[in-house]
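The values are calculated or read from the model by the stated rules, or taken from the named source; none is laboratory data. Since the structure is predicted, the reported quantities are computational estimates derived from the model, not experimental observations. As a convention, Cβ positions derive from the backbone with ideal geometry for all residues, glycine included, and neighbour counts pool all protein chains shown.
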């Protein structure tokens with residue numbers, strides 16, 4: 001298996017610099033409708049960072065000279081700050097989660113927003129970017145879209161990057177907020193804490209073909225719509241792991257790739273939030289290991305109070321949305337866009 005992973009790394013791992021924009025634009029023109037690109041930013045209370053990301057994509061990848069991206073959508077999942085206002089002012093089309101497929105009440109979670117985004121975007125290549133990135137570079141988009149434009153057999157591309165620890169913002173007075181998520185130590189994490197302690201061991205033990213992914217839980221990845229619409233979407237933080245495993249099953253390892261985009265700066269979660277994230281990711285993996293024989297678990301965490309340590313019990317999310325191709329509204333939309341009769 002190690003040899004298979006090493007061969008995959010040689011064939012399916014690139015740098016963003018390997019494909020200059022001139023090459024991508026030529027490939028996009030040659031692809032026609034199959035080369036249309038939608039960028040989706042799922043956002044919840046990200047007013048400090050969403051604006052610069054939108055501005056960068058529009059300035060560098062949506063200009064008359066560089067028309068690589070065809071549409072840029074911010075999916076707001078219920079922000080209580082100025083996220084929607086800031087994103088719209090920067091030039092994004094802002095869509096509220098609850099306005100998409102209103103007959104189906106929305107569930108909380110990132111995966112829910114990504115799933116619904118397929119109903120309000122039209123690109124045949126869909127590129128997801130987290131909205132909390134700082135010092136954002138447009139290569140996060142062009143880098144991962146590149147292989148989908150130049151390699152017809154590639155179906156899904158994940159970003160890989162370094163994650164510096166230390167000054168990531170979120171101290172009082174910092175641009176990203178006050179207090180939450182500050183990490184004092186310096187250095188670099190190749191993967192996040194949940195990646196190294198939960199996701200990477202799970203993948204190596206149960207899906208060793210996926211062991212070559214540097215950032216399996218990263219929020220920056222581009223996928224062909226034809227694959228996305230066939231995938232179930234875990235509604236919570238398990239969406240990235242679930243999508244990678246299901247894409248392996250549907251498309252095979254050679255259809256998956258990764259691109260080095262440099263350095264990723266973003267908000268760090270506190271340890272309890274990471275615990276809930278880890279449980280959800282484990283649950284997503286368990287669902288794929290034991291479909292049809294599932295037990296919905298809970299996670300107990302502790303806070304110190306005046307009376308000692310007080311337990312709090314959290315339900316671990318297990319809901320998943322079905323493949324979008326099974327949703328009548330989506331099938332009608334796709335049929336209308338292709339001139340077919342639904």
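The set of residues in the stretch 18-45 being free of Cβ contacts under 8 Å to residues at least 60 places away in the same chain and assigned to a helix (DSSP H, G or I) consists of 22, 25, 26, 29, 30, 32. Restricting attention to the stretch 28-45, does a residue exist that is modelled with pLDDT of 95 or more, farther than 30 Å from residue 338 by Cα and buried (at least 16 other Cβ atoms within 10 Å of the Cβ)? Checking the stretch 28-45: at least one residue is modelled with pLDDT of 95 or more, farther than 30 Å from residue 338 by Cα and buried (at least 16 other Cβ atoms within 10 Å of the Cβ).
Condition check for residue 59 on (1) within 22 Å of residue 324 (Cβ to Cβ); (2) surrounded by fewer than 24 Cβ atoms within 10 Å (Cβ to Cβ): one failure, at (1). Between 84, 48, 106, the distinction of being in a helix (DSSP H, G or I) and either touching a helix residue (DSSP H, G or I) at 6+ places or on another chain (Cβ under 9 Å) or surrounded by 15 or more Cβ atoms within 10 Å (Cβ to Cβ) (or both) belongs to 84 only. Within the stretch 87-103, if we keep just the residues that are surrounded by fewer than 19 Cβ atoms within 10 Å (Cβ to Cβ) and under 24 Å from residue 63 (Cβ atoms), the residue that is farthest from the chain's Cα centre (by Cα) turns out to be 89. Of the candidates 252, 262, the single residue that is in contact (Cβ under 8 Å) with a residue 60 or more places away in the chain, on the phi > 0 side of the Ramachandran plot and surrounded by fewer than 20 Cβ atoms within 10 Å (Cβ to Cβ) is 262. For residue 158, the criteria (1) closer than 22 Å to residue 51 by Cβ; (2) assigned to a strand (DSSP E or B); (3) at pLDDT 95 or above hold in every case but one, which is (1). Screening the stretch 1-17 for residues that are in contact with a helix residue (DSSP H, G or I) (Cβ under 7 Å, 6 or more places away or on another chain) and not in a helix (DSSP H, G or I) and picking the one that is nearest to residue 90 (Cα to Cα) gives 14. The conditions of being surrounded by fewer than 23 Cβ atoms within 10 Å (Cβ to Cβ) and at pLDDT 95 or above are not met by residue 167.
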